[in-house]
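Since every read-out is calculated from the coordinates, none of them should be taken as a lab result. Not measured: the values here are computed from a predicted model. Heads up, the Cβs are rebuilt from the backbone with ideal geometry, glycines too, and the neighbour counts pull from every protein chain shown.
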Amino acid sequence: MSETVMSLEETASFLERDFPQMNAGGRHYHLEAVGPLSARMRLDYHERHLRPGGTVSGPSMMALADYALYAAILANIGPVALAVTTNLSVNFLRRPGPAALVAECRLLKLGRRLAVGEVAIRSQGGEAIVCHATGTYSIPPER
């Protein structure tokens, strides 16, 4: 696949329109790039995503990984709201620093019914992966 079906702007608009709850109470998720079988999304560092000890919580990192995976799939198949997560496996590798988190998603398989991808999350400006996730999405037969 050499290009996406939806542009960065189209994908971001779809996510904002169909999933406004992701940014309820203020915009924290930012789709930064989409490409062939890929996407990059940033989660702002904000107290609503922290756990005791001042680090970004596991559920916030899981949501970022899942949302980035969904964005990559949409950009590559088009606006399919009913594509759903069937599996998400997450490994928390190290404590993220007090910074925004950046999720780099790469789709490993994009079939007619299933999409499989991996997501590497780093603290913005950092090299070390703080969280690694793999996920599978079910794509509805009617696109």
Net charge near E32, counting Lys/Arg +1 and Asp/Glu -1 over other residues with Cβ under 15 Å of its Cβ? 0
Percent RCO, i.e. relative contact order, over the chain, from Cα pairs under 8 Å lying at least 6 residues apart: 25 percent
Chain lengthening between S13 and L114 when straightened (0.36 nm per residue, less Cα-Cα): 34.0 nm
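If R0 is 25 Å, what FRET efficiency do you get for A24 and L50 from their C-beta distance, rounded to 0.05? Provide the component values of the computation, followed by the final result.
Numbers: r = 17 Å, r/R0 = 0.69.
Approximately 0.90, to the nearest 0.05.
All other residues with a Cβ under 14 Å from the Cβ of A133 taken together, and with Lys, Arg as +1 and Asp, Glu as -1, what is their net charge? Let's see the in-between values first.
Details: positive: R106, R122; negative: D66, E104, E118.
Cβ neighbours under 14 Å give a net charge of -1.
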Folded to 0 to 90 degrees: helix 58-77 orientation relative to the chain principal axis, Cα: 20 degrees
Under the rule of -39500 (n - 2.57) per DSSP H run of 4 or more residues, summed and divided by the residues of the chain, what mean residue ellipticity at 222 nm is obtained, to the nearest 500 deg cm²/dmol? -7000 deg cm²/dmol
